[in-house]
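Novice: Sending over a structure as structure tokens; questions will come in a sec.
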Amino acid sequence: MATLDVKEIIKQAAQQEDKAYKFYMDALKFVKDPASQIWLKELADEELKHKEMLQNFDVAKVKKFEPEKIHDLHITEYLVDKDITEVKNFQDVLIVAMKKEQKSYNFYVGMAKSSDNPDMKNLCKILAQEELKHKHKLELYYDDNIYQWD
């Protein structure tokens, strides 16, 4: 596999954000509750912002990156993977969304580990952190609204 350069990673990441945006917009049709609809639109907007951030990405920022600590609830890891075609309700939407964020996070972490270019490593860490923030937001929402202890 050819090593990807920073520009190529940014392009791929922007495409991922675009797919995520479309996913959240499509997911609206499974959601009846207005509060949940607003929430999904917010997530979609965040994905768009990420895409724009990537398209206007300043490589100089990569050098100054300081990671922040993001709490990971690890709820996602215990949920059964669902295919987008199996989505029937808001709970399914959340599960698919959490899994998507987890996969993106894993992808960027892997890229960061495999790169020997420090800028590249940092860029992947920045992107991984953004995915983890989303995953955390989804997990909190899932935990508060759907997951109930017996």
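The values are calculated or read from the model by the stated rules, or taken from the named source; none is laboratory data. Here the structure is a predicted model, which means the values were calculated and not measured. Positions of Cβ are backbone-derived with ideal geometry, glycine not excepted, and every protein chain shown enters the neighbour counts. These accessible areas exclude ligands, DNA and RNA; they are computed on the full protein's heavy atoms, side chains included. Shrake-Rupley method; radii C 1.70, N 1.55, O 1.52, S 1.80 Å.
Novice: Might you check whether a residue that is part of a loop (DSSP other than H, G, I, E, B), of a type in the set (A, V, I, L, M, F, W, C) and modelled with pLDDT of 75 or more occurs anywhere in region 31-38?
Specialist: Yes - at least one qualifying residue is present in region 31-38.
Novice: Right, next: Could you list, in sequence order, all residues of region 132-150 that are open to solvent by less than 40 Å² (accessible area, probe 1.4 Å), over 20 Å from Ala14 (Cα atoms) and under 10 Å from the mean Cα position of the chain (by Cα)?
Specialist: Correct list: Leu138 only.
Novice: Anything in region 113-131 that is modelled with pLDDT of 85 or more and surrounded by fewer than 22 Cβ atoms within 10 Å (Cβ to Cβ)? List them, or say none.
Specialist: Lys113, Lys125, Ala128, Gln129
Novice: Something else: Working only within region 109-138, note down all residues that are charged (D, E, K, R), in contact with a Ser or Thr (Cβ under 9 Å, 6 or more places away or on another chain) and part of a helix (DSSP H, G or I).
Specialist: Residues satisfying the conditions are Lys121, Glu130, Glu131, Lys135.
Novice: Can you list residue pairs whose Cβ atoms sit under 8 Å apart, with the first residue in region 26-49 being farther than 16 Å from Tyr141 by Cα and the second being loosely packed, with under 13 Cβ neighbours inside 10 Å? Count only pairs 6 or more apart in sequence or on different chains.
Specialist: Phe30/Lys88; Phe30/Asn89
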